[in-house]
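Some notes on the structure that comes next.
Values in this text are rule-based calculations from the coordinates and carry no lab data. A quick note: this is a predicted structure, and the numbers were derived from the prediction, not measured. Every residue, glycine among them, receives a Cβ derived from its backbone with ideal geometry; neighbour counts consider all protein chains shown.
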Amino acid sequence: MRFTRSLVSLSLLASLAACVDTPTAATDGRLAPRRIVNGEPTGNAYANVGALIYDWWEPIGVVNGDDQWCTGTLISSTVFVTAAHCVAPPDLPAGAQLYVSFAPDLLAKNVRIIPATGYAYDPAYGHDQGNLHDLAVVFLPASATKGMTPAQLPTAGELDALAAQGALAKTLFVNVGYGSSAARTGPPRFGWNGKRNTSKSEFMGLTQVWLGLLMNTSATGEGGDCYGDSGGPKFIDGNPNRIYATVTTGDYPCRATTWDWRLDTPEARGFLANYVTLP
C-alpha cells in the first residue's frame, strides 16, 4: 500500500502508535506494518508470493497494480493465505471483490491480475488482541495458478521444536512482500515501487502464537517489513519453500520489530485445515 495516498492514514496513526513493540494488529490492513525495509527486488524468485489487490485507488473501476492492498502466499493450487485484517470488515465491505497478482513488478505493462472467487477469515479474529487469529484465505481458480509450486506449511509445533533445539537464536527469517519501504532516520517516510521485494530479519522471540523479529537496520544490518506487507510470508533463510508465519504488525515507523502470526500452532492449523491438507 502507498502510505502517503491512503485517505485513512491520518485517522489511524494514533491507534498504530499504541501498537508499538507489541504483538497487536493495527485497525487497517493498509497500515499494519507489513515495501520491504532495506530489501531488494526478488525478480522471479518467490514466485508463489503475490499481491492482494482491492479496487481502492483512482481511477475507481480500473483494477491495476496501484491497488495493491496486502501480500500473501499460494499454499495450494486454489488457496492464497494472508492476514485476516486485510479482508475483515470494516476495512473491506462484506463480499468485496479481491484480486491477486504474482507479478514481480505490479507497475510493469500487461501485469496479470487474477480475480478471486471468494475469501474467508478466521471467525475468532479480533476477539482477543493477545491471541488475534489474524489469518485469512483467498480462493483462486486452479487454472489461474497452473504450473506454480505452492509454498509448504510447517508441521505442528515446528517452531517450538526448533527453539527447544536452540536453532532459532541466530536464525535469519526472510521477509517477502509488495509493501512500502521506510526511512531509517528522521521523519518517517514510506516509499513504494510496486515490486515484490525481500529482506531478512533476525529472530527476537517466540510466544505461543507469535513470531517476533528484529528489523532495526542500524543495529542488525538487516531489514524488515512495512506497510502493505501485511499477510506476507516469513521463511527461514536457506529454506525458501516453507512459510512459518504471516505478517500482522510492528512499530509505526517500521524501524524496530515485526510480529508475525505463527502457522504451526493449533489456532492457525485449526483454521487452515478447513481449506488445505496439513503436513
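Worth a mention:
- Size of charge dipole - the chain - debye, nearest 20, with Cβ of Lys, Arg +1 and Asp, Glu -1, no other charges: 660
- Set Lys146/Lys234; Lys109/Lys234; Lys170/Lys234; Lys109/Lys195 screened for pairs whose C-alpha atoms are more than 22 Å apart: Lys146/Lys234; Lys109/Lys234
- Rg ratio for the stretch 181-228: its Cα radius of gyration over 2.2 N^0.38 Å, N being its residue count, equals 1.28.
- Neighbour counting of Cβ atoms within 10 Å sorts the residues Asp225, Asp122, fewest neighbours leading, into Asp122, Asp225.
- Mean projection area, nm², convex hull over Cα of the stretch 120-193: 9.3
- For the stretch 232-279, fraction of C-alpha pairs farther apart than 15 Å, in %: 55
- Whole-Å distance, taken between Cα centres, linking the stretch 129-164 and the stretch 187-260: 16
- The stretch 145-279: C-alpha pair distances exceeding 19 Å, %: 49
- Computed 3J(HN,Hα) for the stretch 58-72, one whole-Hz value per residue from the Karplus formula 6.51 cos²θ - 1.76 cosθ + 1.60 where θ = phi - 60°, is 5, x, 4, x, 10, 8, 8, x, 4, 8, 4, 10, 8, 10, x, glycine and proline marked x.
- Pair-distance profile P(r), taking every C-alpha pair of the chain, with 10 angstrom steps and integer %: 7, 35, 40, 17, 2, 0
- Summed over qualifying helices (DSSP H, 4 residues or more, each -39500 (n - 2.57)) and divided by its residue number, the chain shows a 222 nm mean residue ellipticity of -2500 deg cm²/dmol.
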